[in-house]
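Just so you know, all these numbers are worked out from the coordinates, no wet-lab data involved. In this text, all values refer to a predicted model and were calculated from it rather than measured experimentally. Cβ coordinates were reconstructed from backbone atoms using ideal geometry, including for glycine residues, and neighbour counts include every protein chain displayed.
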Amino acid sequence: RKEVEQDPGPFNVPEGATVAFNCTYSNSASQSFFWYRQDCRKEPKLLMSVYSSGNEDGRFTAQLNRASQYISLLIRDSKLSDSATYLCVVNPTSGGSYIPTFGRGTSLIVHP
Amino acid sequence: DTGVSQDPRHKITKRGQNVTFRCDPISEHNRLYWYRQTLGQGPEFLTYFQNEAQLEKSRLLSDRFSAERPKGSFSTLEIQRTEQGDSAMYLCASSLYGVGTYEQYFGPGTRLTVT
């Protein structure tokens, strides 16, 4: 099993739709989690951190489920400009290794 | 611009040549990471520094790869005797460790093509 798994998609949704992505991780020592957005041939840009209590930023909501070892990203009222690849990253912050592990990303295409 | 910068942005080299990339992190950041990314994959960890100390390297990292961060500021990544399989985007990221959030900020990357 890969350390961090994401459905590569693509998720093809119309403008205005709500879409959700999951990211599962295998290392139970993982302590910090993030979602990044990556446009084609560009660098990843931090979208949001994922806190134990969940967090919301405008149309974006991130959740953490430690028991089932996954994080989720919900995008409401999708815009054309949301089309991108969404990467999750998992950081162990104990146990001796601090290597961040990225998923392969989930591709989102929002169409008119 | 006070973000992470990388140089060069593009590099084309012939197989067997050595290449060196530079990364300048956000000035107050003490951690610096190098990643490699190929099409359709997420960034793959290569190595990271805290200040000038190289703390971890990927077990998958070939001996042809070496990185330095001599004064705890900018870093260089060198690839010796390049192979076609080294063609990828090389990303640098920095973060401020100790403040609690571990958020990383990426530079624009260096795209390497080995012919």
Answer with one residue from B:33, B:96, B:2: the one whose Cα lies farthest towards the positive end of the charge dipole of chain B, charges on Cβ with Lys, Arg +1 and Asp, Glu -1.
B:33
Evaluate peptide B:18-27: per residue, the Cβ atoms of other protein chains within 10 Å of its Cβ; return the mean as an integer.
0
For chain A, what are Rg and Dmax over the alpha carbons, in angstrom?
13.7, 48
Treat each spin label as a single point 7 Å out from the Cα along the C-beta direction, and report the residue A:2 to residue B:38 distance in nm.
1.3
Karplus-derived 3J(HN,Hα), 6.51/-1.76/1.60, for each residue of region B:23-36, Hz, glycine and proline x:
10, 10, x, 4, 4, 8, 7, 9, 10, 9, 10, 10, 10, 10
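Provide a whole-number value for the mean count of partner chain Cβ atoms within 10 Å of the Cβ atoms in peptide A:101-109. It would help to have the intermediate numbers written out before the result.
Details: counts 4, 7, 3, 6, 5, 0, 1, 0, 0.
Mean inter-chain Cβ contacts per residue within 10 Å come to 3.
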Round to a whole angstrom and tell me the spacing of the C-alpha centers of region B:24-50 and region A:55-96.
20
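Taking every residue in B:41-49, how many Cβ atoms of other protein chains lie within 10 Å of its Cβ, on average? Present the calculation step by step, with values, prior to reporting the outcome.
Values: counts 5, 14, 12, 3, 5, 1, 1, 3, 0.
So the per-residue partner count for this stretch is 5.
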At 7 Å along the Cα-to-beta-carbon direction for both residue A:29 and residue B:71, put a label point, then send me their distance in nm to one decimal.
3.5
For region B:11-115, what is the Kirkwood estimate of the hydrodynamic radius, computed as the reciprocal of the mean inverse distance between distinct Cα atoms, to one decimal in Å?
13.9
Please rank A:3, B:44, fewest neighbouring Cβ atoms within 10 Å first, as an exposure proxy.
A:3, B:44
FRET efficiency, residue B:59 to residue A:52 (Cβ-Cβ, R0 35 Å, nearest 0.05)
0.70
